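Below is one structure, written out as structure tokens; the observations come after it.
The values are calculated or read from the model by the stated rules, or taken from the named source; none is laboratory data. All figures in this text were calculated on a predicted structure; none of them were measured in a lab. Cβ coordinates were reconstructed from backbone atoms using ideal geometry, including for glycine residues, and neighbour counts include every protein chain displayed. Calculation scope for accessible area: heavy atoms of the full protein, side chains included, ligands and nucleic acids excluded. Shrake-Rupley method; radii C 1.70, N 1.55, O 1.52, S 1.80 Å.
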Amino acid sequence: MFWQEYDKPVAVSHRAVTKLLRHPSFGRQMPEDLRPPVPDHLQDFYGIEEHSMLEIDGARHSKLRRMGINAFRRDRVAAMAPEISMIASDLIAAFPEGPFDFLSAFANVLPVRVIARFIGVPEDMATQFLVWSHAMVGMYQAGRSAAMERSANDAALAFRTYLEDFISYRRANPDDDLLSQLIEAEAKEATISQDELISTIILLLNAGHEATVHTLGNGLHTLLRLNQPYEAMNPTNVTAAIEEIIRFDPPLHLFDRIAQEDTELFDLKVKRGDRVAACLAAANRDARVWAAPDRFDPTRTGSIPASFGGGAHFCIGAPLARLELQIAFPAVYRPTSELRLVEPARYADIYHFHGLERLMVERVL
């Protein structure tokens, strides 16, 4: 289909989205000769982006992705389970009496604390990381203002400056954490520059919590709104239930790919430099893949949702995100911490993430 408001074609079926995300003629990077000049007021922001594995293709992307995949090794992710459980339990124990916003009390906090511990940056910087991350993510929103652009650039500069100082400290004082291992690899193999290291850490911190925040909020909202049974989060069913939460109300609806050459996709002629969007949320509701796709079914099994993307840019943090969700939801959604909605939830007017403005709940005493 062609989306008039965005002036670009959009893949909406599961088959089309999957093919677009895996197509060798499409990537994330605009061909160099077609890139517009970077405005002066965004030099710091794009100085980070030009080294981010999310925004580059080819050999550099493969190099950084190998580093990222090694960072998210199964054993390293699994080792985080006790810490995720402890953080979740502490946050739940601190839930106040009366109505409170689940996003600010839990969903915004858990993922950033987890990713900070996972990487090895100071957890007491979590609130500041959130501020910088939200500002930088504002650059991906439709209709962003000049003020949002300046805020994103200021955040990128502050984030970079902080990491430069902390990386220098870690070089002199290595620890048993992921950042120290990445620094050691940088020094030993000389395959990654400091710019690439900083961009990778910023990407892991930003992407490592933003989507999980919205999945926690969207998921709890779905469970409460539809009065789902607590048995949905039993150990024997939790994996299927989390996949259904990710499918039913994903945190990211739309993601662009850029044609690296003139090509054709499903009879659509695409010129080099053209953008084609993949509507992940629509792919997740394809009736040819899922029976009754508009119905939430926590026991549903079968195809994997498109929510984590696909192809060369498939989300490398998916294992950690899934682990967080598989621990957090059974801890939050159970009779001993029974919650109920106290007002209708409203989705925030944001893009490209899809999440709630707030989720007001209270404990049933």
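Some points to look at:
- Remark: residue 221 falls outside the filter, which requires a residue to be under 26 Å from residue 101 (Cα atoms), of a type outside the set (A, V, I, L, M, F, W, C) and open to solvent by 30 Å² or more (accessible area, probe 1.4 Å).
- Remark: pairs (first residue in region 57-85, of a type in the set (Val, Ile, Thr); second residue open to solvent by 20 Å² or more (accessible area, probe 1.4 Å); Cβ separation under 8 Å; 6+ apart in sequence or on different chains) = 69/316; 77/319; 77/323; 84/323; 84/327.
- Within region 148-173, residues that are of a type in the set (Lys, Arg) reach partners that are surrounded by fewer than 16 Cβ atoms within 10 Å (Cβ to Cβ) with beta carbons closer than 7 Å, at six or more positions or on different chains, in the pairs 150/41.
- Out of 34, 20, 42, 64, sole residue that is in contact with a strand residue (DSSP E or B) (Cβ under 6 Å, 6 or more places away or on another chain) and farther than 30 Å from residue 105 by Cα: 20
- Among the conditions (1) within 30 Å of residue 364 (Cα to Cα); (2) modelled with pLDDT of 90 or more; (3) of a type in the set (S, T, N, Q), residue 127 misses just one, which is (2).
- Filter result (in contact with an Asp or Glu (Cβ under 7 Å, 6 or more places away or on another chain) and in a loop (DSSP other than H, G, I, E, B)) within region 37-55: 51, 55
- Breaking point among (1) surrounded by fewer than 18 Cβ atoms within 10 Å (Cβ to Cβ); (2) over 15 Å from residue 215 (Cα atoms), for residue 316: (1)
- Sole exception among (1) open to solvent by 40 Å² or more (accessible area, probe 1.4 Å); (2) touching a residue at least 24 places away in the same chain (Cβ under 8 Å); (3) aliphatic (A, V, I, L, M) for residue 278, by number: (1)
- Test: residue in region 261-274 that is touching a residue at least 12 places away in the same chain (Cβ under 8 Å), in contact with a strand residue (DSSP E or B) (Cβ under 8 Å, 6 or more places away or on another chain), in a helix (DSSP H, G or I) and farther than 30 Å from residue 91 by Cα: no
- Checked against (1) surrounded by 17 or more Cβ atoms within 10 Å (Cβ to Cβ); (2) modelled with pLDDT of 95 or more; (3) in a helix (DSSP H, G or I), residue 298 passes all but a single condition, namely (3).
- Extreme residue, most open to solvent (accessible area, probe 1.4 Å), among residues of region 241-269 that are hydrophobic (A, V, I, L, M, F, W, C) and modelled with pLDDT of 95 or more: 248
- Number of residues in region 1-54 that are closer than 23 Å to residue 194 by Cα and among the charged types (D, E, K, R) equals 6.
- Cross-chain or 6+ apart pairs with Cβ under 7 Å, region 93-105 first and touching a residue at least 24 places away in the same chain (Cβ under 8 Å), then among the small types (Gly, Ala, Ser): 95/105; 102/217; 103/217
- Helices (runs of 4 or more DSSP H) wholly inside region 95-210 containing at least 2 residues that are of a type in the set (Gly, Ala, Ser) and open to solvent by 40 Å² or more (accessible area, probe 1.4 Å): 146-172
- Some residue of region 93-116 being more than 21 Å from residue 218 (Cα to Cα) and among the acidic types (Asp, Glu): yes
- Test: residue 327 is among the aliphatic types (A, V, I, L, M), surrounded by 16 or more Cβ atoms within 10 Å (Cβ to Cβ) and at pLDDT 95 or above: yes
- Long-range neighbours under 9 Å by Cβ, at least six apart or interchain, first residue outside any helix (DSSP H, G or I) within region 316-340, second of a type in the set (D, E, K, R): 316/65; 338/363; 339/362; 339/363; 340/362; 340/363
- Residue identified as among the hydrophobic types (A, V, I, L, M, F, W, C), open to solvent by less than 20 Å² (accessible area, probe 1.4 Å) and not in a helix (DSSP H, G or I) among 10, 77: 10
- Members of region 13-36 found to be within 24 Å of the chain's Cα centre (by Cα) and not in a helix (DSSP H, G or I), listed by number: 13, 23, 24, 26, 27, 28, 29, 30
- Check on residue 85, in a helix (DSSP H, G or I), among the small types (Gly, Ala, Ser) and farther than 23 Å from residue 185 by Cα: yes
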